[in-house]
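Please treat every number below as a calculation from the coordinates, not as lab data. From a predicted model like this one, the values you see are computed outputs, not experimental measurements. Cβ placement follows ideal geometry from the backbone for every residue including glycine, while neighbour counts extend to all protein chains displayed.
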Amino acid sequence: MEGSLRIKLALTAIGVNASILKPGTYNGYIAITAAQSTQTVMVQLIVQAPPPPSAPIMGATPLSLNFSTTQGLPNPPGQVVTITNTGKSQLKWHTTVNILSSFWLSANSTGGSIDPGETGQVTVNIFTANLSPNTYIGQIVLIGTDTNGELASGSPQTITVNLLVLPPCTLQQPSQSSVAFTATQGGSDPGSQTNSITVSGNCAWPLNWHATITQPAGWLKLSPVSGSLAASGQSVTITIVASVIGLNAGTYSTQISISATDGSNTPVQSFTVTVTVLPPCQLQVGSSNLPFSVGQGQSSPSPQSFSLSETGNCTLPVTWQATGDSASSSWLVVGPPSSGTGSATVSVGVNASSLAPGSYSGMITVSASGNGGAVVQNSPRTVNVTLTVTGYTFSGSVIACSDTSCTTTKALAGSSVSLLNNATNQAIVVTANGSGNFSFTSLALDPYTLTVTGTDGTTNYLGNVSFKMTGDKLSFPVNVYPH
């Protein structure tokens, strides 16, 4: 028998017609073509001569067994094949297993004898421990002989065993093994993300699933957190929402566990969710106070400086400006530079040439913004500037003269010493001590008139002197005369 059969199915039935054939062995071939590939299957038919009247006749049923199981489950129960002897003498039989299927297919028992008109049984067992999901086909051959070892009529009988190993109920790995968010502390929440998971295999449908946050985190929400899947290959998409409200800068991480409940097992998958909270953009100013001191009339002191920079997650470039307050504009000098982008060192100087002795306070305001007007925290910042302009000292002693020639002198204790600033018309009055000494401090470099009045209890005294302060005047004698 020869022929050609083009098929599209994975399994087809093949039959024979032996009604016109004489005893003998017949071989045929079937060519199976798919796309550009052709496979050839040999079919062998043995037509036996009618048995002698006293010979055993072998039969078996069923000649096809079907098993189905799921990978990982216990072996399915064995199935029984019944062997018959419809002849007139004892039948001896034994089994052989196709070598290609011997690692998963066996027969129990493996042989025996059957009297005429009686039956025997063989149990066919399968072992699935090392089998991956697939379709397996094996054969157990039953061989029968008479008591002399001659092949019995109807022998051999071939039992075809079909085994279907289904894949177990499995949750496939999530579409993403990790989900990462990034946001800025104090800023808006990052956009939501999704992750999908697919179920496959032989499950108890519908398959219920549940998502759990392994380490509970108030900053994380999932939707949905549970549901059911109806068939293999179906997926579910989980929306992941992260919130950075109340979170400090740092990295936060947790695991999401997804489990499903099946009659045979509980498949589980997981993925990681990480939120990185970046520090906000902040303005940093190196110094908050700059003190200056200078004597009136002296050269201005050397400039000082403060540094500024931005830190954190900034929208670059960051633009800054440093401005002095209007009240100190006559003496406070800001910059260069007084504006710019990025980190900088700002020079600060003072001009005291027109200032009288005293203490002066000013303030520099530093403001910054990111590209497009983005907010920079800690802006504005202030730098306080103090300037002390020191004056000069005028000290001396009051000398009481007995006459205009100062023939004799003595210290005039307790005298009133008045110092008039001729430029401002302001006067300062002090009292000489018991030794007639007096002192004025913090004087400007102006012209002055000093007037002294006093008494020794019997004589009143008066004296005055005019001068210009050009520096400290110390131990200056002032003569007073009877008045």
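Radius of gyration and Dmax for the chain's Cα atoms, expressed in Å?
Rg then Dmax for the chain, in Å: 56.6, 185.
Fewest Cβ neighbours within 10 Å first, please rank GLU310, GLU150 accordingly.
Ascending Cβ contact count within 10 Å gives the list GLU150, GLU310.
What is the packing order of peptides 370-377, 319-326, taking the mean over residues of other C-beta atoms within 10 Å and listing the highest first?
319-326, 370-377
Could you tell me the center-to-center distance, by alpha carbons, between segment 338-355 and segment 444-471 in angstrom?
Between the Cα centres of segment 338-355 and segment 444-471 lies a distance of 44 Å.
Got a sec? How would THR84, THR214, THR272 order by Cβ neighbour count within 10 Å, fewest to most?
In increasing order of surrounding Cβ atoms, one gets THR214, THR272, THR84.
At 4 °C and 1.567 mPa s, grab the translational diffusion coefficient of segment 282-390 from Stokes-Einstein with a Kirkwood Rh over Cα pairs, rounded to a whole number in µm² per second.
90
Using unit Cβ charges (K, R positive; D, E negative) and no other charged atoms, how large, in debye to the nearest 20, is the dipole of segment 350-483 about its Cα centre?
300
Name the long-range amide H neighbours of SER293: under 5 Å, sequence gap of 5 or more, or other chain; modelled H, no Pro or chain starts.
The list, which skips near neighbours in sequence, is THR388.
Show me, for segment 37-42, the HN-Hα J-couplings you get by feeding each phi into the Karplus relation (A = 6.51, B = -1.76, C = 1.60, θ = phi - 60°), rounded to Hz, glycine and proline as x.
10, 10, 10, 10, 10, 8
What is the set of long-range amide H partners of SER153 at a cut-off below 5 Å, with H atoms built 1.01 Å from backbone N?
Amide H neighbours of SER153, under 5 Å, 5+ apart: MET58.
When we measure straight from the Cα of LYS221, which aspartates and glutamates land under 18 angstrom away, once same-chain ones fewer than 8 places off are left out?
ASP189
Is there a quick way to get the dipole size of the chain? I mean about its Cα centre, with the Cβ of Lys and Arg at +1 and of Asp and Glu at -1; what is the value in debye to the nearest 20?
420
For GLU118, which sequence-distant residues (separation of 5 or more, or a different chain) have an amide H within less than 5 Å of its own amide H, given hydrogens modelled in the peptide plane?
Counting only residues 5 or more places away or on other chains, the set is ASN85.
Let's test the formula: R0 of 30 Å, r as the Cβ-Cβ distance of THR323 and SER299. What FRET efficiency results, to the nearest 0.05?
The calculated FRET efficiency here is 0.70.
Could you tell me the center-to-center distance, by alpha carbons, between segment 136-189 and segment 367-434 in angstrom?
After rounding, the separation between the Cα centres reads 104 Å.
Between exposed trypsin sites (Lys or Arg not before Pro) in the chain, where DSSP calls loop and at most 16 other Cβ atoms lie within 10 Å, what's the longest gap?
Result for the longest clean stretch: 89-483.
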